[in-house]
Each structure stands twice: as C-alpha cells, then as structure tokens.
Amino acid sequence: MSDKKKPRIQPRLFKGTRDSLPEDMIPRQRVLDVIREHAERCGFAPLMTPSIEHLDVLTGKYGSEAEHLIFRLAYKDGNTAALRYDLTVPLSRVMAMYPSLPKPFKRYQVQPVWRAEKPQKGRYREFVQCDLDTVGTTEMTADAEILALTAGVLGDLGLERFVMRVNHRMVLDALLDTAGIPKNLHVFVIRTIDKLDKVGDSGVREILLKGPSGGDGGITEDQADLLLKATGLTGSPADVLPEVRRMLGDHEGGVRGLSELSEVFSILSWLDVPEACYSFDMSLARGLDYYTGPVFETVVPELSLGSIAGGGRYDDLIGRFGKDAPAVGTTLGLDRIVVAMQELKLIQETKTATEILVCVVSPDQKSDAFKLGGLLRRSGVRTEVFLESASLKKQFTYANKTGIPYVGLLGADEVEKGVVTVKDLAKSEQTEVPRENLVHWIRARMEKVG
RNA sequence: GUGGGCGUAGCUCAGUUGGUUAGAGCGCUAGGUUGUGGCCCUGGAGGUCGGGGGUUCAAAUCCCCUCGCUCACCCCA
C-alpha cells in the first residue's frame with residue numbers, strides 16, 4: 001500500500017559531512033583506543049566541551065582567513081552562536097573559567113569540529129579532532145612531552161615513516177627581521193613560505209617579489225635569497241640549529257627561540273624518540289594566529305593527504321579571556337590518521353566485532369540458543385544470537401554478510417549430545433565442540449587471527 | 001569567493017545523425033536446496049533520465065535557466 005508512495009524527504013547528507021558506518025567506526029575506535037591509552041599513560045585527563053559556543057568566544061582568535069570559516073548559528077532575536085572551530089579555543093575558555101584547576105593541567109579531548117569550507121578531497125565540514133594540551137607551564141618539557149606522545153601514538157599504530165616538522169614562531173620572526181622585511185609584510189611572507197611544498201623555491205620567489213597585491217610592493221631579490229636559503233635549512237636539528245643561529249646573529253627573539261628548540265630536541269632524545277621522526281624545518285609556519293612559540297606539524301611523506309597532526313605553543317590565547325596562562329598542545333587528525341593507515345594497509349578490514357553467531361535451529365531450540373549465548377557472553381565472547389525465527393539459510397547469510405567468522409548450531413541432536421556444531425565460515429569447516437570447551441575453542445582461534 | 005568536471009535504478013555506469021515499452025553489472029528480494037552462507041541457475045521489485053522552461057510530430061539525447069555533487073586554488077585535520 002504505502003510502499004508505493006515515494007518518501008517526500010530525500011535522504012541526503014549535508015555538504016561536507018559523511019556517515020561513519022560500522023566498517024568505518026571499527027578501525028577508528030581502535031585508533032582512538034591507542035590514543036586514549038597513550039594519553040592516560042602520560043597523565044592527560046579527559047575533557048568535553050559543548051559543540052556550541054557564544055560567537056565572541058570564538059572570534060578574533062584564528063586570524064582573518066580562518067574567521068570566515070567559523071560556522072555561525074543564528075537563534076532568536078539576532079543572538080549569535082557558533083559551532084566550535086577547533087578544540088583549543090574551547091579549552092582556553094575552560095581554563096579561564098575554572099582557575100582552580102591544578103596546574104599544569106593536562107587534558108585530551110576527542111570531539112568533532114566544524115568548518116564552513118568548500119569540501120574537497122580529505123577535507124570535510126565536520127571532522128573529529130583529538131587534542132592533547134598542557135596548560136600552565138612555559139617549560140619546554142611540556143612541548144617535548146606532547147611531541148613524544150604524538151610519536152608514541154603514531155608508532156604504536158604502525159605508521160613508522162612519519163616526520164614531525166618543528167619550527168618556532170620567534171625564530172621565523174627573527175628571520176624576517178634579520179632580512180629587513182617590514183612588519184606589515186610578515187604575514188604575507190610567512191604564508192607564502194608555507195607554499196614551498198607546492199610551488200617550490202622558484203614559485204615562492206616569484207610570489208614574494210610581486211608582493212601581496214600581485215604587482216610590485218614585494219620584497220627585494222636579496223631578501224628573497226636570504227629567506228629561501230634559510231627555509232632550505234631543513235633536517236636534523238644537530239645540523240640545522242647552528243647554521244640558523246649563525247644566520248640570525250644576536251636577534252633577541254631568535255636566540256630565545258633557538259634555545260627553546262634545542263631544549264625541546266634534547267628532551268626528545270631523553271624520551272627515546274627516534275631522530276628520524278622529527279626535523280627542524282624553517283619552512284613550517286602554520287596558519288593560525290594564536291601560536292607564539294614552537295610549532296609543529298606531522299606528515300607522512302609518502303602520502304599526499306596533508307598533515308595528520310599539528311600544533312604548537314599559544315602562551316597568550318588564554319589571557320584573552322582575562323586570565324593569563326601559557327599553554328602548548330597538538331591536534332591529532334583522527335580521520336586522517338585512519339586514512340593514512342588504510343592507504344598503508346595497516347588496517348585489516350573488519351565489519352563486525354562479533355565472534356560467533358548462535359543460530360536458532362528451530363523454535364524448540366530457542367531457549368537453548370539463548371542460554372548458550374548468555375553463557376558465551378558472560379565468558380567475554382562477543383556473541384550474537386539470531387533474533388528471529390528464520391531459516392538457517394537466512395541466518396547463515398546474515399553471518400556471512402555481517403562478517404561474523406563463526407556460526408554455532410544447537411539443534412536437538414547437539415543438545416542431546418551436549419555439544420555445539422561450530423562452522424568456520426571462511427574455511428567452510430564444521431566440527432562438534434563440547435559445550436564446556438566452546439569458550440576456550442573460540443578464544444584460541446580468535447587470538448590466532450589477531 | 002575564483003576556475004574545471006559530472007548529474008540516467010540503492011551503487012558503478014552504458015545509452016551519437018532526436019524515433020516504439022530506457023538498459024547492464026553489482027546490491028536487494030523470492031526460489032532451485034524445509035539443519036548450512038559465500039559460487040552457480042531462474043524469477044521479482046526498483047527510474048518524474050537532477051529540476052524548470054524552450055525547439056520538435058517526437059527529447060535521456062538539441063538550446064536556455066536553475067539546483068546539486070565533485071576536483072583544484074585559498075586555507076587547513
């Protein structure tokens with residue numbers, strides 16, 4: 001009857017959003033488990049904040065470029081609210097609101113953020129971020145700990161060939177000062193340098209010489225030479241630090257930035273972070289306005305999906321809410337990490353967590369099936385008991401499509417003999433297992449698989 | 001905001017001088033096999049050809065407008 005009627009509302013997704021079906025969620029949860037484990041192992045505590053904030057809490061923090069990308073909400077009488085753009089600004093608000101929190105305050109937070117961008121490959125309007133931050137200390141130990149934690153997580157996930165690029169905002173500013181670049185061109189120059197990966201030295205040089213308006217008003221040839229020479233200095237800290245120091249001379253901010261970086265790198269070595277996992281990279285800028293000290297960004301060079309993590313020190317951000325506090329943190333791009341792992345074939349496709357489906361062979365055996373299911377579940381075996389009275393064909397089809405590896409059959413014969421017939425769907429092998437051995441039997445097999 | 005590509009079944013797509021009732025594969029569903037899935041065979045359901053207007057005896061096909069998706073730039077996870 002009404003089957004014939006078409007639904008009036010077309011099911012569709014809002015631009016830039018997607019559904020995470022079980023096959024997407026299962027690997028994501030695995031990644032999340034690793035992140036959570038590492039975070040708590042290092043003393044980071046969980047935090048959640050609302051998705052919606054007052055608009056003025058968010059504005060003026062990210063810089064004019066990013067500011068357009070804040071998702072604004074209008075509600076009654078022209079009041080304005082917005083969806084959070086990242087997790088760092090909400091944390092800053094929390095720190096300003098609860099001054100009695102013990103310092104240093106270390107927290108991790110996993111929640112979606114929203115950006116009103118035009119979506120494209122690997123970029124969405126809603127995506128999940130996982131942030132790790134330490135508030136309340138200016139010590140570089142905090143910066144280094146966060147980098148080490150990032151490396152630990154990525155290493156544990158099997159992403160071996162990642163590189164954490166590290167730079168320092170003060171060093172960058174010192175470089176521009178040393179080159180004699182006027183303050184009003186700093187933002188332009190830094191943004192241009194950030195494009196090195198894409199357009200290369202010559203492209204960057206061209207843009208720099210032309211200036212922000214594209215005509216003249218750019219920097220001089222000599223300045224461009226100096227900048228490109230400096231940004232070419234990328235690699236092991238032991239090699240690069242001294243050269244940069246020579247280049248920047250006595251510039252006060254430069255000296256301070258370099259000494260902070262060298263401290264960070266020392267601590268990383270104490271923490272046994274392999275040298276191959278990080279580099280000093282003079283070309284790293286980071287777009288967000290609120291960074292004040294070390295900045296970092298993690299990439300997997302063999303993949304072209306942008307950065308999978310990024311962060312830095314933001315000592316002045318919390319102060320804008322009235323209560324000063326230094327802070328440093330990183331964002332792990334949960335979704336992108338999963339993509340990276342998929343592309344590197346580090347995730348075996350799993351559609352279900354269920355280990356065995358207990359079939360209801362006939363209505364008479366319903367109680368036996370559910371009793372067995374209960375027993376298995378109490379023993380920690382992930383068990384489904386088929387909920388409907390249906391043909392075995394249908395029940396097997398369900399197991400097959402869902403990806404459940406084992407099927408248990410408990411009919412009159414089995415009940416009488418005190419066994420369960422278990423079929424391995426992948427191998428198409430079937431055996432009778434005594435009821436009391438079933439838990440052990442499954443455990444042994446599931447562990448072998450992984 | 002600026003450019004390019006694409007909209008035909010749930011999905012991936014065929015469908016050229018405009019011409020009967022718009023097709024395939026996959027998926028879904030029922031059966032072949034009433035204690036057994038994946039393979040195979042047979043049947044079934046499922047389409048205002050993105051939407052609107054125009055040209056024409058006739059439009060998925062040609063023209064105009066519009067909406068949507070997508071990729072790139074910008075910026076970023």
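The values are calculated or read from the model by the stated rules, or taken from the named source; none is laboratory data. Here the structure is a predicted model, which means the values were calculated and not measured. Here the Cβ positions follow ideal geometry from the backbone for every residue, glycine too, while neighbour counts run over all protein chains shown. Note: accessible area is taken over every heavy atom of the protein model, side chains too, but ligands, DNA and RNA are not part of it. Shrake-Rupley method; radii C 1.70, N 1.55, O 1.52, S 1.80 Å.
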(message) Sorted from largest to smallest, which semi-axis lengths in Å does the alpha carbon gyration tensor of chain A give for its equivalent ellipsoid, taking the root of 5 times each eigenvalue?
(response) 53, 26, 22
(request) Report the antiparallel proportion of the DSSP beta bridges in region A:347-424 as a percent, rounded to a multiple of 5. (result) 35 percent
(message) Could you work out the relative contact order of region A:338-450? I mean the mean sequence separation of Cα pairs under 8 Å and 6+ apart, divided by the number of residues, in percent.
(response) 25 percent
(message) For the full complex of protein chains and a 1.4 angstrom probe, list A:T220, A:T292 by accessible area with the highest value first.
(response) A:T220, A:T292
(request) From largest accessible area down, sort A:D324, A:D33; use a 1.4 Å probe on the protein chains. (result) A:D324, A:D33
(message) Tell me the angle of helix A:366-378 to the major Cα principal axis of chain A, expressed in degrees between 0 and 90 and rounded to the nearest ten.
(response) 40 degrees
(message) Out of all DSSP beta bridges in chain A, what portion is antiparallel? Express it as a percent rounded to 5.
(response) 80 percent
(request) Show which aspartates and glutamates lie in cross-link reach of A:K121 when reach means a straight Cα distance below 13 angstrom and same-chain residues fewer than eight apart are skipped. (result) A:D335
(message) What does the charge count around A:L157 come to, taking other residues whose C-beta lies under 14 Å from its C-beta (Lys +1, Arg +1, Asp -1, Glu -1)?
(response) 0
(request) Quickly estimate the mean residue ellipticity at 222 nm for chain A, helices only: each DSSP H run with n ≥ 4 gives -39500 (n - 2.57), and the total goes over all residues, rounded to 500. (result) -12500 deg cm²/dmol
(request) For A:K394, go through the lysines and keep the ones whose alpha-carbon is under 30 Å away, minus same-chain ones fewer than eight residues off. (result) A:K4, A:K5, A:K6, A:K351, A:K366, A:K371, A:K417, A:K423, A:K427, A:K448
(request) Would you tally the net charge around A:T330, using a Cβ to Cβ cut-off of less than 10 Å, leaving A:T330 out, and scoring K and R as +1, D and E as -1? (result) -4
(request) Enter the accessible area of A:E275 (Å², nearest 10), with the probe set to 1.4 Å and all protein chains included. (result) 120 Å²
(request) Would you mind checking the tilt of helix A:88-97 against the longest principal axis of the Cα atoms of chain A, expressed as 0 to 90 degrees and rounded to 10? (result) 80 degrees
(request) For A:A116 and A:K345, compute 0.36 nm times the residue count separating them, minus their Cα-Cα distance, and round to one decimal in nm. (result) 79.3 nm
(request) Using amide H atoms built 1.01 Å from N in the peptide plane, name the residues 5+ places from A:G211, or on other chains, whose amide H lies under 5 Å from its own. (result) A:G218, A:I219
(message) I'd like the distance between the alpha-carbon centres of region A:231-250 and region A:284-329, rounded to an integer number of Å.
(response) 21 Å
(request) Determine, for each peptide in A:143-150, A:408-415, the mean count of other beta carbons within 10 angstrom over its residues, then list the peptides with the highest first. (result) A:143-150, A:408-415
(request) Send over a whole-number figure in Å² for the accessible area per residue of chain A, probe 1.4 Å. (result) 52 Å²
(request) Report the local net charge at A:R18: Lys and Arg +1, Asp and Glu -1, summed over other residues whose C-beta lies under 14 Å from its C-beta. (result) +2
(request) Mind listing the long-range amide H neighbours of A:L73? Cut-off is under 5 Å, sequence gap 5 or more, other chains count too, H placed in the peptide plane at 1.01 Å from N. (result) A:A81, A:A82, A:L83
(message) To test your reading of the geometry: what angle, between 0 and 90 degrees and rounded to tens, separates the Cα axis of helix A:140-156 from the longest principal axis of chain A?
(response) 40 degrees
(message) Between region A:83-134 and region A:21-47, what is the separation of their alpha carbon centroids in Å?
(response) 16 Å
(request) Only loop residues by DSSP count here, and only those with at most 15 other Cβ atoms within 10 Å; note down the trypsin sites (Lys or Arg not before Pro) in region A:368-428 that meet that. (result) A:R382, A:K427
(request) Return a whole-number percent for the relative contact order of chain A, with Cα pairs under 8 Å and 6 or more residues apart as the contact set. (result) 16 percent
(request) Heavy atoms only, probe 1.4 angstrom, no DNA, RNA or ligands counted: give me A:H68, A:H54, A:H251 ranked by accessible area, highest first. (result) A:H68, A:H54, A:H251
(request) Mind giving me the FRET efficiency for A:S100 and A:L13? R0 is 51 Å, r the Cβ-Cβ distance, nearest 0.05 is fine. (result) 0.75
(request) Enumerate by residue number the trypsin sites (Lys or Arg not before Pro) in region A:14-122 meeting two conditions: DSSP loop (anything except H, G, I, E, B), and at most 11 other Cβ atoms within 10 Å of the site's Cβ. (result) A:K15, A:K121
(request) Would you work out the relative contact order for region A:112-179, in percent, from Cα pairs under 8 angstrom that are 6 or more residues apart? (result) 17 percent
(request) Would you mind telling me the share, in percent, of accessible area of region A:22-343 contributed by carbon and sulfur at probe 1.4 angstrom? (result) 51 percent
(request) Output ³J(HN,Hα) for region A:340-349: one whole-Hz value per residue in order, computed from phi by the Karplus curve 6.51 cos²θ - 1.76 cosθ + 1.60 with θ = phi - 60°, and x for Gly and Pro. (result) 4, 5, 5, 5, 8, 6, 9, 10, 7, 5
